[in-house]
Amino acid sequence: MRLTWIVLLITLLIGVISGWAQQEARLLRFPAIHGETMVFSYAGDLYTVSARGGIARKLTNHAGYEMFARFSPDGKNIAFTGQYDGNTEIYLIPADGGTPQRLTFTATLARDDVSDRMGPNNIVLTWQNDNKTIVFRSRMKSFNDFIIAENK
């Protein structure tokens, strides 16, 4: 009888712990890593955390949605796609935090939603090795989805 209670208690504890662990990371999306630092979207804002774990630090705090963050090759800046004021645009923020700088200015599209099959407009993909050029997918000017913007 005592063995049955111990097995039941262990099973219950494992179920509670695994349910709690899954619930905590369910909205973590679009991670990127540079060295020992990771950036990711959680509940519409950007956070950084050590790649080894620990407490995440919030970088953005806007009512809009921030996603697709990518570190510059030197790790000093982060480019991301932000949905502020009805538009989806490319923004730049220091990796330590600060005020985002808007890099693109495009017209609002009828189909510009994260849940759209093709995704939103102006998605940050990567950086070139010069620490100035951000590669992103856009429907701004051309049928070609790859447009390059420079951070001056």
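Bear in mind these aren't lab numbers, they're just calculated from the coordinates by the rules spelled out. None of these values were measured; they are calculated from a predicted model.
Extension gain for residue 12-residue 132 works out to 37.9 nm (0.36 nm per residue, less the C-alpha to C-alpha distance). Read phi for every residue in segment 60-65 and hand back ³J(HN,Hα) as whole Hz from Karplus 6.51 cos²θ - 1.76 cosθ + 1.60, θ = phi - 60°, with x for Gly and Pro. After applying 6.51 cos²θ - 1.76 cosθ + 1.60, I find 10, 8, 10, 5, x, 9 Hz.
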